[in-house]
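**Q** For reference, the structure I am asking about is given below.
Taken together, the values in this text are just the output of simple stated rules run on the coordinates, not laboratory data. Just so it is clear, the model here is predicted, and its values are computed rather than measured. Here the Cβ is made from the backbone with ideal geometry for all residues, glycine too, and neighbour counts use every protein chain on show.
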Amino acid sequence: MQDLLANPAVQGGVAPLAIALVLSLALRPLKLEGLSLIAAFAGSVYLVSGLDFTPLTSTRKVVVLALAAPVVGLLVDFAFKPTKIGAALIAMAAAGGALWAFWPVLAHKPDNLPWLLGGSAALALAFLGGFALLQLAADSVRAGAAALALGLGAGISSVLSASVLYGTYGIALAAGAGGYLLPQMIMGRKGQGSASFALSFAVTGGLIAAGAMTLAQLPWYCVLVLAVVPVGAMLPVPRNAPVWLQAVIASIYSFVIAGAACALAWPSSQQT
């Protein structure tokens, strides 16, 4: 059993998919299925490295922020509906979280790299957080498609940039999104859109990309391209199409942008 759980395919794919699928179904009556994504990600982290937060390294800060994102999302879902100003404040908080996680490492980079990389991470997290909250939180299928593409894009880009750990985390995020989408596609009914899901995938996906940039070799411009992936999920889909078809089309739109980021990351893999 231990050998099975130590298998990277199980840690980054099978386990998070199963966790998200089970919880999506179990929490659907409570309209809390959005929490399945972060549970899937946390399960992967536990299998890969354990949920240990001391010492508080940059990667462990990423996990802390990922776990905090759905908490903020739940407050948005059940306590208050944010105005544009509120969404902007949450976006700024996401950007500040990225700097908190990675600035101790960035500060030791030479020349102007700390400002370039730090600015890219902050801008990416701010856009992802704000866009997901304002545009995707209300539509579970579009949000799921965006999460699937962002996770795959960040995961593959991370692997190409010599970070297997962040690659595993990205693939796990995508697997969790798949487990969230599948019940909706099979049953033909959209789930409950939620800020908890939207912020979970946006913050976690953005931090995975920023981590691969800071701690490995992912180019800064790839992080900015990955930040635009959720925009693809907002492109038009046939209004009366079945849920499964809407999910497929929105995912394809988003995959195109994620694929561009992976293509831009490819040269960095040739330098290792």
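**Q** Using the 10 angstrom Cβ neighbour count as an exposure proxy, how do LYS31, LYS84 rank, fewest first?
**A** Numbers: LYS31 13, LYS84 10.
Fewest to most other Cβ atoms nearby, the residues stand as LYS84, LYS31.
**Q** With the crude spin-label approximation of a point 7 Å out along Cα→Cβ, what separation in nm comes out for LEU51 versus ASN7?
**A** My value for the distance between the label points is 2.4 nm.
**Q** Rg(Cα) of the stretch 168-272 divided by 2.2 N^0.38 Å?
**A** That ratio works out to 1.17.
**Q** Which residue, ALA146, LEU199, VAL243, has the largest displacement toward the positive end of the dipole of the stretch 2-269 when charges sit on each Cβ (Lys, Arg +1; Asp, Glu -1)?
**A** Checked the options; the winner is VAL243.
**Q** If neighbour count is taken as other Cβ atoms inside 10 Å, put THR168, THR54 in order from fewest to most.
**A** Exposure proxy ranking, most exposed first: THR54, THR168.
**Q** What's the center-to-center distance, using Cα atoms, between the stretch 199-213 and the stretch 37-68 in Å?
**A** 12
**Q** Another one. How far apart, in nm, are two points set 7 Å out from the Cα along the Cα-to-Cβ line at MET92 and at LYS190?
**A** Each label point lies 7 Å from its Cα, and together they span 3.1 nm.
**Q** Suppose R0 equals 45 Å. What FRET efficiency, 1/(1 + (r/R0)^6) with r the Cβ-Cβ distance, do VAL71 and VAL256 give to the nearest 0.05?
**A** Taking R0 as 45 Å, the efficiency between VAL71 and VAL256 is 0.90.
**Q** So how do ILE249, ILE19 line up by other beta-carbon neighbours within 10 Å, fewest first?
**A** Working: ILE249 18, ILE19 22.
Neighbour counts put them in this order, fewest first: ILE249, ILE19.
**Q** Take each complete run of DSSP H in the chain, measure how far its Cα atoms stretch along the helix's own axis, and keep only those covering 24 Å or more with mean Kyte-Doolittle hydropathy at least -0.5; list them.
**A** 58-78, 84-106, 113-131, 140-160, 164-187, 195-215, 243-269
**Q** Which residues among the stretch 203-243 fall inside the zone where the amide N is under 18 Å from a point 7 Å beyond the Cα of LEU113, along Cα→Cβ?
**A** 209-224
**Q** Please enumerate, by chain and number, the aspartates and glutamates with C-alpha under 16 Å from the C-alpha of LYS190, excluding those fewer than 8 residues away in the same chain.
**A** By straight Cα distance, LYS190 reaches GLU33, ASP139.
**Q** If the viscosity is 0.692 mPa s and the temperature 37 °C, what translational diffusion coefficient in µm²/s does Stokes-Einstein give for the chain when Rh comes from Kirkwood over Cα pairs?
**A** The calculation lands on 183 µm²/s.
**Q** What does the net charge come to around TYR180 if you take all other residues with beta carbon closer than 14 Å to its beta carbon, with K and R at +1 and D and E at -1?
**A** +3
**Q** Sketch the reach of a paramagnetic label on PHE78 as a point 7 Å from Cα along Cα-to-Cβ, and name the residues of the stretch 22-66 whose backbone nitrogen lies under 14 Å away.
**A** So the set is 27-36.
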